[in-house]
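The values are calculated or read from the model by the stated rules, or taken from the named source; none is laboratory data. Please read these numbers as outputs of a predicted model, since none were measured by experiment. Note: accessible area is taken over every heavy atom of the protein model, side chains too, but ligands, DNA and RNA are not part of it. Shrake-Rupley method; radii C 1.70, N 1.55, O 1.52, S 1.80 Å.
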Amino acid sequence: MNVYCNVDGASVYFDGQYKGEIVDGIYTQAVYSTGTPYHSISVEKSGYSTWSEELDTNPGMGESMNVYATINPVTVVPTLIGGDVGYYTIYCNVDGADVYFNSDYKGQTANGELTVEVYTTGTPYTTYTVSKSGYTSFTAQISEYPTAGETDKLYATLVASEPTATQTSPVSVFAVIGALVAGLVGFALIAKKN
């Protein structure tokens, strides 16, 4: 009896008794026509689902029988660490502003807000900062903490930064008069020589 399987190294059992492993996609079990017939086959491997099938018949003398087993990886659903979650919604007058809780980046505001998920049993955040290039950063204390499923509201108003103009020092009136006098004296000297 040939047992074909999609995973090498999988263990093959006949009537609950281990018989061998799948190698190169197949395991072949000798079945004696005068022996006790097998009633079930199962194929299993750690990390994969178990495949099993009941047998209605066994191959006769000189016959071959093929069985096809497909086992799939078991998907492990990760357990959330930290317990229940609550939320903060940060309302801001500027879209695209970066939001930080303590120093952890949480995302950007869109449509005037950003909602942040937090674990209610985790270490609570103490400050939030909202910043965007061209604006003065906003930082405030967090004094309320959401319970499971609750949403607390935080507000931030960003003010556009004043552009720094390149200032030139004004030219002194005396410097202008001095330059004019020097020019006139120089001109007078040149004219006198001629």
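Please give the solvent-accessible surface of D15 in Å², to the nearest 10, using a probe radius of 1.4 Å with every protein chain present.
60
Computing the accessible area with a 1.4 Å probe over protein heavy atoms, can you report the carbon and sulfur percentage for region 1-141?
49
Whose amide H sits under 5 Å from the amide H of D15, counting only residues 5 or more places off or on another chain, with H placed in the peptide plane?
H39, S40, I41, S42
How much length, in nm to one decimal, is gained on full extension between A30 and M61, taken as 0.36 nm per residue of separation minus their Cα-Cα distance?
Stretched fully, the A30-M61 segment lengthens by 10.1 nm.
Take the alpha carbon atoms of region 108-157, find their center, do the same for region 24-96, and report the distance between the two centers in whole angstrom.
Each part's Cα centre sits 45 Å from the other's.
Can you send over the solvent-accessible area of K19, 1.4 Å probe, protein chains only, in Å² to the nearest 10?
For K19, the solvent-accessible surface is approximately 70 Å².
If you take all C-alpha pairs in region 1-100, what percent of them are over 21 Å apart?
Of the Cα pairs, 52 percent sit more than 21 Å apart.
For a quick size check, give me the Cα extents of region 12-59 along its three principal axes, largest first, whole Å.
37, 21, 15
Tell me, what is the per residue accessible area of region 8-104 in Å², probe radius 1.4 Å?
Using a 1.4 Å probe on heavy atoms only, each residue of region 8-104 averages 62 Å².
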